[in-house]
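Contents: one structure, followed by commentary.
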Amino acid sequence: MHRRDFLISSLAACSLSSVAAAVTPSDAPKPRNKIIGFTKSFADLSLADSAALVEEIGWDGVDVTIRSSSTHIQPQKVAEDLPAFIGLLKKRDKVVSVVTTDIWKITPDAEKLLRVLADSGVKKYRLGFLQYQKNDDPMKVAREAAPVLKDIAAINQELGLWAGYQNHSGPQYFGGPLWDVIFAMEGTSPDQLGLCFDIAHATVEGGQNWPIQYRLARPRIGVSYVKDYRWREDQHTWHRDSCHFGQGVVRKEFFTGLLASGFDGEFCQHHEYPLGSPAERIEHYKRDLKQLRAWLG
């Protein structure tokens with residue numbers, strides 16, 4: 001090869017190498033987090049109508065309830081209805097991302113349900129609730145919860161699943177303060193066990209300390225639950241009222257920080273205020289989704 005040809009070939013190779021080095025995986029656009037809807041507020045609809053609604057609103061999929069009460073799919077019909085719902089959503093390019101269950105301990109019925117989830121390709125589910133009884137020692141309750149959660153993590157590892165516990169607000173809820181459930185999860189992997197983190201409940205419980213609640217929870221957050229509240233005073237008593245997303249106590253800074261942390265899970269919208277007629281319900285859903293998308297950028 002002549003010296004001139006060698007130089008041209010070398011320069012071309014260097015240029016291609018520079019371009020390849022510049023387009024690294026870290027520079028490539030990150031996939032957008034899925035935004036899904038919690039089916040509790042439209043569980044009155046058939047599975048087919050629910051799939052159509054999800055498409056009309058513009059969600060990427062759903063968190064569907066499969067529990068004994070306030071449910072969309074009856075647990076005893078999960079083997080038939082869940083695959084059917086998945087199929088209806090798939091035709092519209094939508095997915096079942098999460099399933100909300102009553103599961104707290106691994107019973108034969110619980111294991112049967114989890115095996116249906118695994119066979120159906122659903123990887124995430126929400127656990128049931130543990131509640132404090134009057135005058136319970138919180139540390140004792142947390143210690144007793146630890147082996148239960150280890151059993152759940154073990155079957156999740158076997159089946160390739162992940163379970164999340166949702167933090168609620170109120171003195172009866174284990175997990176409301178967050179430290180208790182985090183303590184009980186010690187020794188398990190966040191790949192099998194974590195939190196369906198509810199920033200609204202965390203803000204109600206933590207007030208101005210919600211960033212500490214978030215930092216405590218962050219390594220375990222697999223799904224972000226989205227809703228909002230306002231405080232209202234009535235005869236010297238404060239009440240918590242559900243409201244449109246973005247009009248209450250929840251701050252945009254939470255979402256900015258969560259995305260900046262590399263969170264790649266789902267944002268699941270909950271709607272606990274009165275939704276009105278079917279047409280009004282659709283407008284409420286769309287309004288909250290628009291606000292969430294604006295905050296997520």
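With every protein chain kept in place and ligands, DNA and RNA left out, what is the accessible area per residue of region 25-113? Probe 1.4 Å, answer in Å².
Values: 4500 Å² over 89 residues.
Each residue of region 25-113 exposes 51 Å² on average to a 1.4 Å probe.
Please give every one of the aspartates and glutamates within straight-line cross-link reach of LYS91, meaning a C-alpha to C-alpha distance under 15 Å, and leave out same-chain neighbours fewer than 8 residues apart.
ASP49, GLU55, GLU56, ASP60
In nm, to one decimal, how far is the modelled label at TRP179 from the one at ARG230, with both set 7 Å along Cα→Cβ?
3.3 nm
Not counting ligands, DNA or RNA, and with a 1.4 Å probe, what is PHE38's accessible surface area in Å² rounded to the nearest 10?
10 Å²
Return the equivalent ellipsoid semi-axes of region 85-175 as a descending list in whole Å, where each equals the square root of 5 times an eigenvalue of the C-alpha gyration tensor.
On the way: eigenvalues 168, 49, 17 Å².
Each semi-axis is the square root of five times an eigenvalue, giving 29, 16, 9 Å.
Run the numbers for GLU253 and ILE106: contour at 0.36 nm per residue of separation, minus the present Cα-Cα distance, in nm. Provide the component values of the computation, followed by the final result.
Details: separation 147, 0.36 × 147 = 52.92 nm, distance 3.73 nm.
Once the chain is fully extended between GLU253 and ILE106, it gains 49.2 nm.
Can you flag which of LYS34/LYS290; LYS105/LYS140; LYS34/LYS227; LYS94/LYS150; LYS124/LYS290; LYS124/LYS286 are past 21 Å Cα-Cα? Numbers along the way, then the final one.
Details: LYS34/LYS290 14 Å; LYS105/LYS140 18 Å; LYS34/LYS227 16 Å; LYS94/LYS150 32 Å; LYS124/LYS290 25 Å; LYS124/LYS286 25 Å.
Table pairs above 21 Å Cα-Cα are LYS94/LYS150; LYS124/LYS290; LYS124/LYS286.
Once you have the Kirkwood Rh of region 187-295 from its Cα pairs, apply Stokes-Einstein at 10 °C and 1.306 mPa s and quote D in µm²/s. Walk me through the intermediate numbers first.
Numbers: Rh = 15.0 Å.
Rounded to a whole number, D works out at 106 µm²/s.
Could you tell me the calculated FRET efficiency between ARG215 and LEU45, based on Cβ-Cβ distance and R0 = 30 angstrom, to the nearest 0.05?
On the way: r = 38 Å, r/R0 = 1.28.
With R0 = 30 Å, the Cβ-Cβ based efficiency is 0.20.
For the chain, max minus min Cα coordinate along each principal axis, in Å, sorted largest first?
Each principal axis gives a Cα extent; for the chain these are 90, 47, 46 Å.
In Å and whole numbers, how far do the C-alpha atoms of region 252-297 stretch along each principal axis, longest first?
Result, largest extent first: 39, 16, 14 Å.
So what's Rg/Rh here for region 122-255, counting alpha carbon atoms and using the Kirkwood radius for Rh? If you can, show how the numbers build up before the last one.
Working: Rg = 15.5 Å, Rh = 15.6 Å.
Using Cα coordinates only, the ratio equals 1.00.
Using the heavy atoms of the protein chains alone and a 1.4 angstrom probe, what is the accessible area of region 173-297 per residue in square angstrom? Before the final figure, lay out the partial values.
Working: 5860 Å² over 125 residues.
That works out to 47 Å² per residue.
The values are calculated or read from the model by the stated rules, or taken from the named source; none is laboratory data. In this text the structure is predicted, and so the values were computed from the model without any measurement. All Cβ positions, even for glycine, are placed from backbone atoms using ideal geometry, and neighbour counts span all protein chains on display. Calculation scope for accessible area: heavy atoms of the full protein, side chains included, ligands and nucleic acids excluded. Shrake-Rupley method; radii C 1.70, N 1.55, O 1.52, S 1.80 Å.
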